[in-house]
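The values are calculated or read from the model by the stated rules, or taken from the named source; none is laboratory data. In this text, all values refer to a predicted model and were calculated from it rather than measured experimentally. Every residue, glycine as well, gets a Cβ built from its backbone with ideal geometry; the counts of neighbours run over all protein chains shown.
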Amino acid sequence: MGHKNGWMQNDWGFDLSMNDDRKWLKEEIDFLLAEQRELLGRGPSFKIVHRFRMPGSDCLPGEEIFAVFLVHRRHDYHLRLPLALRILFDYLARHPRVPQSAGQIELGIRAEDFYRRHAANGTGRRAVTRNISRSYVRVYAKRLHKALELAFQEARLQIDPSSVLLDAKTVGNELGYQLKANCDWVHIDLTKRDSQPLWGGNCGKQHYRSNSGTSRSTE
Amino acid sequence: MFSAEPHRELILIDSESNNRISVLLLDSDPNHAEELTRSLQALGYGVTTRSDIISVLHGLSNSDFDILIVSSNRPGEWKTYVTRIHKTTRRAKRFPPRILCLARVYRGPQERLDAERLGVRLIYER
């Protein structure tokens, strides 16, 4: 047997490297490493479900952030988030590039119509929302870590939640929060009769038929 | 060059191996372990072999590995090992190795389902 570059090799050692005998093993190892690289590079995958979307629209104010799921190997694992945390998660997922301070997060959520009119399509008028106060962002971040930890445990993913919801210090004393994850949005359309364009949907206007058989609408 | 120690540890020491994928192999069958180690090395991996779960857990606490291969011939044994490994690696803050279980006997689809639920891959040797 000879030594070359620190490897033990004999004559049939070279043959092994050319042999397909363990090619199946190499393929499995390659698959696991590719999965690991993806998780490390892009972060885990999440699916954010919005419901009460107006048919024909894309993603508009009035929808509800219904649920958030961790997606791993074709399974969905539900994140147990109350409304405030669903709003926070959705907001951070929409702004993944730059870490934001608690103050910026508070301002951003207040300023966006989507969160001000959250779930209004479902109630017909009234928004069902939460104010995210900047003094509570740190508390919410801890709770979000906990929800992520539970979902990762369920999915048997050994990922540190603080590597997904990052909190990075600025050169001052501020903490910047950032979501390092791959997020997709899924929508469930409203099915109320008056939201369907084909049924003459007109967002709640009532039609009355007069005795002559003609119809007129009132608001 | 490599060194073999009493508990069948084969460590590849190679100045060019900084980027090589490191594999920790748990296999209580010495002949099978030796054959598998040679195959893995021929495929280009750096291999550390252990014959019992205690030394594997010790190895995981002290070093970083990319892949952990659990080779087991007894039914259900790999599940016990994987559960213990998960408990150990969960406490550590590093990103743990991906686990691959090697089985030699097919015992039905339930075994693979159990592996999926534990977050590991189970494959059968060919």
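Laid out as a table, the results:
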quantity: Given (1) surrounded by fewer than 20 Cβ atoms within 10 Å (Cβ to Cβ); (2) under 19 Å from A:ALA147 (Cα atoms); (3) within 14 Å of chain B (Cβ to nearest Cβ); (4) hydrophobic (A, V, I, L, M, F, W, C), number of the condition A:LEU70 does not satisfy; calculated: (1)
quantity: Verdict on A:ALA155 being at pLDDT 95 or above, of a type in the set (Gly, Ala, Ser) and closer than 30 Å to B:THR88 by Cβ; calculated: no
quantity: Per-region count, the range A:34-67, residues among the hydrophobic types (A, V, I, L, M, F, W, C), in a loop (DSSP other than H, G, I, E, B) and touching a Gly at 6+ places or on another chain (Cβ under 9 Å); calculated: 1
quantity: Index of the failed condition, A:PRO82 passing every other in (1) farther than 16 Å from A:CYS183 by Cβ; (2) in contact (Cβ under 8 Å) with a residue 24 or more places away in the chain; (3) not charged (D, E, K, R); calculated: (2)
quantity: Output for the range B:115-126, where each listed residue is surrounded by 16 or more Cβ atoms within 10 Å (Cβ to Cβ) and more than 7 Å from every other protein chain (Cβ to nearest Cβ); calculated: B:ALA115, B:VAL120, B:LEU122
quantity: Which numbered condition B:PRO75 misses (of (1) out of contact with any Gly (no Cβ under 6 Å at 6 or more places or on another chain); (2) outside any strand (DSSP E or B); (3) surrounded by 12 or more Cβ atoms within 10 Å (Cβ to Cβ); (4) at pLDDT below 90); calculated: (3)
quantity: Total residues in the range A:102-128, condition buried (at least 18 other Cβ atoms within 10 Å of the Cβ) and more than 15 Å from A:CYS59 (Cβ to Cβ); calculated: 4
quantity: Long-range neighbours under 8 Å by Cβ, at least six apart or interchain, first residue under 15 Å from B:PHE65 (Cβ atoms) and facing chain B (nearest Cβ under 8 Å) within the range A:26-39, second hydroxyl-bearing (Ser, Thr, Tyr) and crowded, with 16+ Cβ neighbours inside 10 Å; calculated: A:ILE29/B:TYR45
quantity: Residues (among the hydrophobic types (A, V, I, L, M, F, W, C) and in a strand (DSSP E or B)) located in the range A:68-79; calculated: A:VAL68, A:PHE69, A:LEU70, A:VAL71
quantity: Criterion (on the phi < 0 side of the Ramachandran plot and at pLDDT 90 or above) met by exactly one of A:LYS180, A:LYS169, A:LYS192; calculated: A:LYS180
quantity: Index of the failed condition, B:VAL82 passing every other in (1) at pLDDT below 90; (2) surrounded by 14 or more Cβ atoms within 10 Å (Cβ to Cβ); (3) part of a helix (DSSP H, G or I); (4) at the interface with chain A (Cβ under 10 Å from one of its Cβ atoms); calculated: (1)
quantity: Given (1) modelled with pLDDT of 95 or more; (2) surrounded by 14 or more Cβ atoms within 10 Å (Cβ to Cβ), index of the condition A:PRO82 fails; calculated: (2)
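Listed here are the residues, each with its yes/no results for (1) within 13 Å of chain A (Cβ to nearest Cβ); (2) touching a strand residue (DSSP E or B) at 6+ places or on another chain (Cβ under 6 Å); (3) within 24 Å of A:ARG22 (Cβ to Cβ); (4) part of a helix (DSSP H, G or I).
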{"residue": "B:LEU40", "(1), (2), (3), (4)": "yes, yes, yes, yes"}
{"residue": "B:SER61", "(1), (2), (3), (4)": "no, no, no, yes"}
{"residue": "B:PHE65", "(1), (2), (3), (4)": "yes, yes, yes, no"}
{"residue": "B:ARG90", "(1), (2), (3), (4)": "yes, no, no, yes"}
{"residue": "B:ILE99", "(1), (2), (3), (4)": "yes, yes, yes, no"}
{"residue": "B:LEU102", "(1), (2), (3), (4)": "yes, yes, yes, no"}
{"residue": "B:GLN110", "(1), (2), (3), (4)": "no, no, no, yes"}
